[in-house]
Structure formats: structure tokens, C-alpha cells
Amino acid sequence: MTRLASAFAKARPALVAFVTAGDPTPAATPAILDALVAGGADVIELGMPFTDPMADGPAIQAANIRSLSAGTTTADILSIARGFRARHPDVPLVLMGYANPMLRRGPDWFARAIAEAGVDGVICVDVPPEEDDALGPALRNAGVDLIRLATPTTDVARLPAVMAGASGFVYYVSVAGITGLQQAAQASIEEAVQRLKAGTDLPVAVGFGVRTPDQAAAIARVADGVVVGSAIVEIVAAHGAAAAPYVTDYVRSLKSAIETSRIPA
């Protein structure tokens, strides 16, 4: 069983926590990742900084700028991943980002490098399923999960194409827009999760706009996972290299709410 499969099997609903690699600096990122784990995150998403993060809102855009201004490179990200894997052998690590930095040296190089660094999965925001050949075969050959995105516009007709070649889990983007600025109505999330689960056996994790423990708990009642990113990134923005304890406290509040979400009253 892969680390991702094991994480979702042990913790349904799982807490998936996102931060940007190199924010505020590459040297500060390991302590922030450790803080996510200490707070109870079940899966870690590590954002690869990019100059044009078109799906991301102001908080993550600013994190990308801070990271790139600190000189973060792909080599730094691989080093961060290797260190994380050595410290946390059982916690899944997923890289999330855009095609340009992933494909710059070719898909085979990228897939081999991240697999050797202990990365479990990849979310590539701007490579649609119809262009799977750009990255999918290389990841699958390296044993790395390709995690696909589904959105409110992913209808029943397109769902098979989205799921073809997907593995790890499905990330449902609950709003048609950028990260961090709004949250979908709970009823629409429930309907979408039911639709997705009818089309796949993969776990379905829901993100975009999740900020409070109450929001996380509501989603956890219907989904296999809850993804939180912008709110954590804002804590890093506020506290910089000293963010770790604040990150742990916040993530712990989310995890506690998720764990109690399915306990009968």
C-alpha cells in the first residue's frame, strides 16, 4: 500500500495541509513542514513556487513571490523533500504546482528526481487530462501518483477523462475561481462529492476556501479529506521563520474539528 493510500485508509477524513516551498526561505521550510505534522496533518502538499500561479489567490501568490525572492530553486525543493522523508518516513508528501518548473528538464528527469527524494504524488494545475502525455506516463513509470483536479464544471460526461490515469486521491476544487477568497455552499459540495464518488474509487478531498475548524468539520462529514492552504500560508506570512508554533496550533484546531465531525452527538 502506498503512503497516500495508507494515510486515507487510516484517517478518513484526512487533513491535507499546504504550504509553499521556500516561504519565507528554503531554510525555514523544514520547521514549517514539521509543524504541519505536529498539528496532525495527514498529507502534506508542498507548493512549487512559480512566477504565474494562475489558480492561486493573493495569499499564495505572495508566498510564491517571497519564495522566489529568497532564491528558491528546484534543487532546494528536492532537498526539502529528502529531509522531510528522512524525518517523517510515513507521512505522504505531494508536490503541487505548474507545468513550467516541472517540465523544464523534461518529465522523465522530474519524475525520477522527485521519486528519489521521497515524493508520493504530484498535482499539476495547468496540465489537463487531455494532455496527460506531458507528465503522466513519466510519473506513473516512477511510481509517483498523479492527483487530478475536479471542479464544479466537471460534469458526468467529462469525469471519465479526468479519472483516467489518476491515482492517490482526487482533489475537488470547490469553487470556480482562485484559492483563498471564497467558499462554496455546503450543499453544492455534498452534491459534487457524491457525483465524484460515483465515478471513482479514489478518495475525494475538498479544498479552496476552507479556513475555520467549523468549515473543515462540515466538509469532513461528506468528503474523504479536507484541504487547507491559504489560511496556513497567511500564518507563515505573518510570522515568517518563527511561524512553526502558530502553524501547529492552527492545524491542531482543524484536526480536532475533523476528528469529531463524524462522532454522533
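By per-residue mean of other Cβ atoms within 10 Å, what is the highest-first order of 144-152, 67-75, 165-173?
Output ranking for 144-152, 67-75, 165-173: 165-173, 144-152, 67-75.
So, in nm, how far is label Ala115 from label Tyr246 when the simple model puts each one 7 Å beyond its Cα toward the Cβ?
4.0 nm
Calculate what fraction, in whole %, of the accessible area of the chain sits on carbon and sulfur atoms when a 1.4 Å probe is rolled over the protein chains.
54 percent
Out of all Cα-Cα pairs in segment 158-261, roughly what percent, to the nearest whole number, are more than 24 Å apart?
Here the tail beyond 24 Å accounts for 27 percent of pairs.
Taking K and R as +1 and D and E as -1, what net charge do the other residues with C-beta under 11 Å from the C-beta of Asn64 add up to?
Taking every Cβ under 11 Å from that of Asn64, the sum is -2.
For every other residue with a beta carbon closer than 13 angstrom to the beta carbon of Gln194, add +1 if it is Lys or Arg and -1 if Asp or Glu, then tell me the sum.
Residues close to Gln194 contribute a combined charge of 0.
Over the Cα atoms of the chain, what is the Rg over Rh ratio if Rh follows Kirkwood?
Computed over Cα atoms, the ratio is 0.93.
Relative contact order (percent) for segment 11-129, with alpha-carbon contacts under 8 angstrom and 6 or more residues of separation?
Relative CO of segment 11-129 lands at 29 percent.
When the gyration tensor of segment 51-120 is built from Cα positions, what are the square roots of 5 times its three eigenvalues, in whole Å, from largest to smallest?
21, 15, 11
If I stretch the segment between Ala198 and Ala99 completely, what's the gain in nm (0.36 nm per residue apart, minus their alpha carbon distance), one decimal?
Numbers: separation 99, 0.36 × 99 = 35.64 nm, distance 2.92 nm.
Computed gain between Ala198 and Ala99 is 32.7 nm.
Quick one: net charge around Asn141, please, counting Lys, Arg +1 and Asp, Glu -1 for every other residue with C-beta under 14 Å from its C-beta.
Numbers: positive: Arg112, Arg140; negative: Asp108, Glu116, Asp132, Asp133, Asp145.
So the environment of Asn141 carries a net charge of -3.
Could you run the Karplus curve 6.51 cos²θ - 1.76 cosθ + 1.60 with θ = phi - 60° over segment 119-128 and give me ³J(HN,Hα) per residue in whole Hz, x for Gly and Pro?
7, 9, x, 9, 10, 10, 5, 10, 10, x
The values are calculated or read from the model by the stated rules, or taken from the named source; none is laboratory data. Please read all numbers here as calculations on a predicted model, not as lab measurements. Note that each Cβ is placed from the backbone with ideal geometry, even for glycine, and that neighbours are counted across all protein chains shown. Side chains are part of the model used for accessible areas, which takes the heavy atoms of the whole protein and leaves out ligands, DNA and RNA. Shrake-Rupley method; radii C 1.70, N 1.55, O 1.52, S 1.80 Å.
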